[in-house]
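In what follows, a single structure is set out as structure tokens and then discussed.
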Amino acid sequence: MKRFLVPLLGVILLMSFFPLAVSFKDSFVHDIYGEKTFAGFDNYAYLFSDRGFWLSLGITVIWAVASTAIMIFGGLSAALFLFKKGRFRKLVIFLLFVPWGIPAYMAVPIWRALIHGNSGNSLLKLLTGISVNLITQPGGAFIATLWVSFWMALPFTAFIFVGHLKKIPQDIIDAAKIDGANHRRLLSDVLLPLMKPAVITVTVLNLVKFLKDFTVIFLMTGGGPPMPQLITERSILGATTTAEVFLYDLFETARDIGIPSAFSFIMGLLILTIMLLWYRSQKRAKNTLVPISKIRRLPSKVPSDLVRRGAAFGLNFGSFPLIALVSAGTVLSVYALLWMSFSRVDTTYIDTLFPRFFTTQNFSDLFVKEGILRYYANSLLLSLSCALLIPVLTFGASYAMTRISLKKQTTILTIVNLSTVLSGVHSLIPLFVFFRVFQLTDTYLPLILIYLSHAIPFSLLTLKTYLEHFPPSFYELARMEGMPERSYLWKVLFPLSLSPIATSMIHTFLNAWNGFLAPMIFLNDDAKYPLSVKLYTYVGSVSSGDPKWGLFSAASILNLILVFALFGPLRRPLFQSVLSENSS
């Protein structure tokens, strides 16, 4: 049964770890239009002497630290709000669920329309009087992009914290209440200390995620707006030109692929190092659960006690305004999408409750003039291929995981989990160089392999957790009947596991359907574009001259109907899997 692990680990190693080796190898060559010559350390010397390289790393650190800090505070605040039983709890969960389900290639342009509008004349200015021009205001652009990134990522972080809050034994909470702890003391002296392992884990994962952030920044500002202090001899950086954005621009403009390869290796090595150090610290970490006897004393420690109480105060009083702001953002984004889809004029300036020139022409133009069904078919081909292949890769492997030692399981899960954080522009560029050798860059094969590698962790964990619940007596009974282990796997366990398999397939389908960055890098032929890239061509970057907001919004609505039809049934198993993964 261990042989089932070979293809799964093969895909993981090829698509996640192999790019690091490819970028390392290519960083020592000059690769100019496919002609390679040995370069030694020239590419590294070029990067290290470029002030833009160091500036992009500085912007990345500022972006990652600010995003992580806001995300942890916001996630804890939202989790504490959802942890309470209130009248509006289900409504809030739904409003948080919406950003989780909207793909970035749709959500970010919608927010761009809400915030930037027509050079600062936007719905945001109409409602608040605040004008933000994403082309000319560096500070405003940075904060606006930070907000959109926060709005999109908050649900996942909040639901993880909710799951950990629910795992805190009720008798610990009851004991603290009996000893006179009010809500704020309960939060500062009981809940926050018990949440410390989860907070550390989510902080590290968010920090790594934001270090390699690209899609939100690229779609919102394209890395701009430029600043005089960020203009160098070789490059022009903007307020949001993080390392991944800088790397993408370098890849698009550099004649020598060896230079972005060197940058890719540096980024990949940095992220891998952070994760390995974190895994090592996790192994050394001791059990941090606080005994009930200590909780009853409610000790006062300075300054840690002051820090906890200050955090508790902020979380307690900040949860409602935060939830209200995020919920309002969800309502406004959906409203703007509907408004623009039924407007005959391609405008983002919404100054009336309903469009002045109401029309359904945008929807008909999608099918008659734009041939949108071709791009739906492309996305369907990609997504179905991945959805059908994922159980082939993971079902047998999941069963094999239940038959090996705990030490081996931990090693394999560590490799699989590491693969989830190694993806990004820095891994796609080496893959592009690799598949270019075989003339496969303008095909779907690399995309299918990439999406499968992204879907494997969720599918493996979901199926492994499910299969572990089957009692050993099932297998013993099958052996007594003379059934080989292979037959037991496919004739007994497979039919009984159709529900988690379907969940895994839906998750994989959505992951491929919502993919944007990989096809944007690998595909050149418009006829092969999936729907995500086609939607991007309608609105382009913030400085695009002729965006087609009506077509973009109409296509987005049709896409959302499909996405939420599939994402709705997946919500509960996805949430449960998130909790299982974090407890593991």
Hull volume per residue for the stretch 19-99, using the convex hull of the C-alpha atoms, in Å³ is 157 Å³
Find how much the distance from ASP442 to GLU481 grows on full extension, using 0.36 nm per residue of separation minus their present alpha carbon separation; answer in nm with one decimal.
8.9 nm
Mean Cβ neighbour count within 10 Å, used as a protection proxy, ranking 457-463, 119-125 highest first:
457-463, 119-125
For ALA113, net neighbour charge (Lys/Arg +1, Asp/Glu -1) across residues whose Cβ lies under 14 Å away
+1
Can you compute the modelled spin-label distance between VAL199 and ILE130, with each label point 7 Å from Cα toward Cβ, in nm?
2.6 nm
Listing MET195, MET220 from the residue with the fewest other Cβ atoms within 10 Å to the one with the most, what is the order?
MET195, MET220
In whole angstrom, the spacing between the Cα centers of the stretch 1-62 and the stretch 77-116 equals 36 Å
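Please give the FRET efficiency for LYS177 paired with VAL368, using the beta carbon to beta carbon distance and R0 = 60 Å, rounded to the nearest 0.05. Could you put the intermediate results ahead of the total?
Working: r = 65 Å, r/R0 = 1.08.
E(calc), rounded to 0.05, equals 0.40.
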What shape does the chain have by the C-alpha gyration tensor, where a ≥ b ≥ c are the square roots of the eigenvalues, rounded means a/c under 1.5, and otherwise prolate means a/b greater than b/c and oblate the rest?
rounded
Under 29 Å from LYS177, Cα to Cα: lysines that are on another chain or at least 8 residues apart
LYS84, LYS85, LYS90, LYS166, LYS167, LYS196, LYS286, LYS294, LYS301
What net charge is computed for the residues neighbouring GLY140, neighbours being all others with C-beta under 14 Å from the C-beta of GLY140, Lys and Arg scored +1, Asp and Glu -1?
+2
12 Å beta-carbon shell around ASP526, net charge (K/R +1, D/E -1):
0
How long is the gain from PHE564 to LEU325 if the chain were fully straight, where each residue apart is worth 0.36 nm and the alpha carbon distance is subtracted?
83.8 nm
Mind checking the full-extension length gain between TYR279 and ALA21? Use 0.36 nm per residue of separation minus the Cα-Cα distance, one decimal, nm.
90.7 nm
Mean ellipticity per residue at 222 nm, deg cm²/dmol - from DSSP H runs of n ≥ 4 across the chain, formula -39500 (n - 2.57):
-23000 deg cm²/dmol
For the chain, what relative contact order do you get, as a whole percent, if you take Cα pairs closer than 8 Å and at least 6 residues apart?
23 percent
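Since every read-out is calculated from the coordinates, none of them should be taken as a lab result. Here the structure is a predicted model, which means the values were calculated and not measured. Backbone-built Cβ (ideal geometry, glycine too); neighbour counts: all protein chains shown.
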